[in-house]
Amino acid sequence: MTLTTAQAFASFQESLTATAYQTGTLIPARRRGVEERLSGAFPSSSDLPFSECKMMGSAAKGTIIRPFDDVDVLAVFSNVKNAWNTYQWDSQSFIDRIRAAYSGLSVQQVGTRGQAVRVFYEGGGHVDIAPVFEVGSGVYKLPAGDGTWINTAPFIASNWYADRHRDLGYQLSPVVRLLKAWNRAHSRRLRSFHLETVAATVFGQLGTDHRVAVQRFFEWSQTRLAVADPGGQSGNLSSYLSWTAHQDVVQALESARVRAANAIAAEQRADHAEAKRLWAVIFGSDFPTS
């Protein structure tokens, strides 16, 4: 049976959304694995005792898309034995100790807004562990990659996003997942946290017609890429974009806007083949066209 545009769109959205097994079993298991490893390596008797780990990022917000292989975890270390005094001028030594806890596994140091330890699994996928000290009031100290530290407040930002998702009738995350699919299909020019924040900012209201919503995002976001970190720590989230990169993003958004408008028009005149073809250009070859 040939799918209508609406049916193809719904099928594609379902294919992006994490399954019950992934949200209920796989992702929690990855968090528990980090907790068990770090609890064993840094017990309460250690000079650097591990405190707790928490899910953060797209997996915690519900904006992660399939196929996915990365899960973000915040690993909090206690200052009960004044460990901060040892590492406050040398965050690299701190993160090196976390990497050493995974000796024998494939790991690497990665970072965009701060540094994390990426742990790879033999069966595929990885976990990005962001090791931190808690400052208080939802703020943490995260290694900056040059021996210094930066402040981060991921759960303040997540709570802000959750409030926006609620205020927009719980329609925000389904739209964000679509936008992430577009971003993935077109050179991943935008960082995930930045894209989520722009989307949560540009919409004053959202309905259930997500085809119209993404077309409006492609239009409205072109002049609203400069958004502040809702956690209040990182300033303008678009600052990683050079002038040229910023122009490339705007051009990509405009191209997507034109295609989305044409796809909506094609659907309205019952030309579902053309509508689906255009959506597949926007979202990638996984979008069903048959």
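The values are calculated or read from the model by the stated rules, or taken from the named source; none is laboratory data. Please read all numbers here as calculations on a predicted model, not as lab measurements. No Cβ is skipped: glycine too gets one built from the backbone with ideal geometry, and neighbour counts run over all protein chains shown. Each accessible area value is taken on the protein alone, full model and side chains, heavy atoms only, with ligands, DNA and RNA left out. Shrake-Rupley method; radii C 1.70, N 1.55, O 1.52, S 1.80 Å.
Observations, loosely collected:
- For region 210-222, a residue qualifies if it is open to solvent by less than 70 Å² (accessible area, probe 1.4 Å) and within 17 Å of residue 278 (Cα to Cα), and the qualifying residues are 210, 211, 212, 213, 214, 215, 217, 218.
- In summary, residue 161 fulfils each of the numbered conditions (1) surrounded by 22 or more Cβ atoms within 10 Å (Cβ to Cβ); (2) free of Cβ contacts under 8 Å to residues at least 60 places away in the same chain with the single exception of condition (2).
Per-residue answers, yes or no, for (1) at pLDDT 95 or above; (2) in a helix (DSSP H, G or I):
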| position | (1), (2) |
| --- | --- |
| 45 | yes, no |
| 89 | yes, no |
| 97 | no, yes |
| 110 | no, no |
| 119 | no, no |
| 124 | no, no |
| 127 | no, no |
| 134 | yes, no |
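- Sole exception among (1) open to solvent by less than 20 Å² (accessible area, probe 1.4 Å); (2) under 21 Å from residue 134 (Cβ atoms); (3) among the β-branched types (Val, Ile, Thr); (4) part of a helix (DSSP H, G or I) for residue 27, by number: (2)
- Exactly one residue among 130, 100 is in contact with a helix residue (DSSP H, G or I) (Cβ under 9 Å, 6 or more places away or on another chain), open to solvent by 30 Å² or more (accessible area, probe 1.4 Å) and of a type in the set (Gly, Ala, Ser), and that residue is 100.
- Picking from residues in region 240-277 that are of a type in the set (Lys, Arg) and under 15 Å from residue 8 (Cα atoms), the one that is surrounded by the fewest Cβ atoms within 10 Å (Cβ to Cβ) is 277.
- Within region 265-289, being in contact (Cβ under 8 Å) with a residue 12 or more places away in the chain, within 15 Å of residue 6 (Cβ to Cβ) and out of contact with any helix residue (DSSP H, G or I) (no Cβ under 6 Å at 6 or more places or on another chain) holds for one residue alone: 273.
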